[in-house]
1. Mind counting the residues in the range 239-261 that are of a type in the set (A, V, I, L, M, F, W, C), crowded, with 20+ Cβ neighbours inside 10 Å and in a strand (DSSP E or B)?
2. Restricting the range 13-35 to residues that are under 24 Å from G139 (Cα atoms), among the charged types (D, E, K, R) and touching a Ser or Thr at 6+ places or on another chain (Cβ under 9 Å), which is most open to solvent (accessible area, probe 1.4 Å)?
3. Looking only at residues in the range 132-164 that are open to solvent by less than 30 Å² (accessible area, probe 1.4 Å) and assigned to a loop (DSSP other than H, G, I, E, B), which one is farthest from I282 (Cα to Cα)?
4. Starting from the range 196-223, take each residue that is farther than 13 Å from N246 by Cα and list its partners that are aromatic (F, W, Y) and crowded, with 17+ Cβ neighbours inside 10 Å, counting only C-beta distances under 8 angstrom and pairs at least six apart or across chains.
5. Scanning for something in contact (Cβ under 8 Å) with a residue 60 or more places away in the chain, part of a strand (DSSP E or B), closer than 28 Å to E178 by Cβ and open to solvent by 70 Å² or more (accessible area, probe 1.4 Å), does the range 96-109 turn up at least one residue?
6. Tell me whether the range 61-78 contains one or more residues that are more than 24 Å from I148 (Cα to Cα), among the aromatic types (F, W, Y) and touching a Lys or Arg at 6+ places or on another chain (Cβ under 8 Å).
7. Taking the stated definitions as given, is V20 within 22 Å of V119 (Cβ to Cβ) and modelled with pLDDT of 95 or more?
8. Do you know which of the residues in the range 283-321 that are aliphatic (A, V, I, L, M) and surrounded by 10 or more Cβ atoms within 10 Å (Cβ to Cβ) is modelled with the lowest pLDDT?
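The values are calculated or read from the model by the stated rules, or taken from the named source; none is laboratory data. Computed from a predicted model, the values in this text were never measured in an experiment. Here the Cβ positions follow ideal geometry from the backbone for every residue, glycine too, while neighbour counts run over all protein chains shown. Remember, those area values only see protein heavy atoms, side chains included, never the ligands or the DNA or RNA. Shrake-Rupley method; radii C 1.70, N 1.55, O 1.52, S 1.80 Å.
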Amino acid sequence: MAAVSGQGPAGFTSSPKTRVELHISCAKLKNTDVLSKSDPIVVVYAKQAQNQWTEFARTEWIKNTLNPEFSRAVEMDYRFEEVQTLQFSVYDVDNLTPDLSDDDFLGCIQCSLGEVVSVGTYTKPLSQSPEKAGDGKLGTITIRATEIGTEQSMLELWLSGSHLDKKDFLGKSDPFLEFSRQNSDGSFTLVHRTEVIKNTLNPTWKPFRINSQRLCGHDPECTIKVVCYDYDSDGTHDLIGQFTTNFGELTQAHQKHSKLQWDAINPQKQAKKRSYKNSGVIHLNQIKISRVFSFLDYVMGGCGINFTVGVDFTASNGDPKLPSSLHYIDPHKPNEYTL
């Protein structure tokens, strides 16, 4: 992991740091809803000076599941020479207000960011109190840390589907897509989830933007798995089909201004039917890739910044040394121009 150092005041070097993102998932959470399952969200708190805790970030809210995998990652600076204590608290959301005091608390853990980064994938049982060790009865939370590289691109993807399998008894299907990148251990991390399109076998999802670092670690050979599900309100989403691609294939489509399409394959149906072809087709209608430039890219590229300050000392305002002038600098209160 490469350290990034800055130059502080009076020539002192600032604490070495690097940018990381945290992907969060939970398993076997406590069910606090009577007629359905819990609707979990994870809130991340950071410990500040004087042992004060402040909310740092939140994941999205997922309905009706005890095994949530959150697509919204948490980005933060990892400072090598500091102990950065974090608390991950899980709540069952019962309303649309941001206030959590009226929502059910499902459990929490406390750890340092260094603990998470050192192992890459950090799993720990939830407990009712951060001072107590969890016994597994409240479920577990998993945090996967990855470094955010300096070279990044922004992708804008516009996808649609055609002839998807019908999954609903009284309707068609309510399809949505999940994008996951493959990790070095062969597992996958969810990085994006599209919106649900109701009652259609030929959906067109809204275009979305995603950073290449988050999508695939800016690795052209990294496997990207895309899974199409039929949404069910009880959280038991039905698999329609899936396929894999990589950043290199997407880049070529961008360079050639071409469209791509993939067969959505359901492995279970494929194993049962020899004549099985697909469960529909997913189309890449348009892709745009643009480089994300850092501040240093602009500076090293020769970009100049001019800063000019103008002070209008109008003669009619009088001598600034006199209290009667609008420009008079009173040691006890600001003048008219500074208010």
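1. Counting residues in the range 239-261 that are of a type in the set (A, V, I, L, M, F, W, C), crowded, with 20+ Cβ neighbours inside 10 Å and in a strand (DSSP E or B) gives 1.
2. K28
3. In this case the residue turns out to be G134.
4. Filtered contacts from the range 196-223: V196/F176; V196/Y231; I197/F176; I197/W205; W205/F176; I210/F179.
5. No, because not a single residue in the range 96-109 is in contact (Cβ under 8 Å) with a residue 60 or more places away in the chain, part of a strand (DSSP E or B), closer than 28 Å to E178 by Cβ and open to solvent by 70 Å² or more (accessible area, probe 1.4 Å).
6. Checking the range 61-78: not a single residue is more than 24 Å from I148 (Cα to Cα), among the aromatic types (F, W, Y) and touching a Lys or Arg at 6+ places or on another chain (Cβ under 8 Å).
7. no
8. For the range 283-321, the residue satisfying everything is V299.
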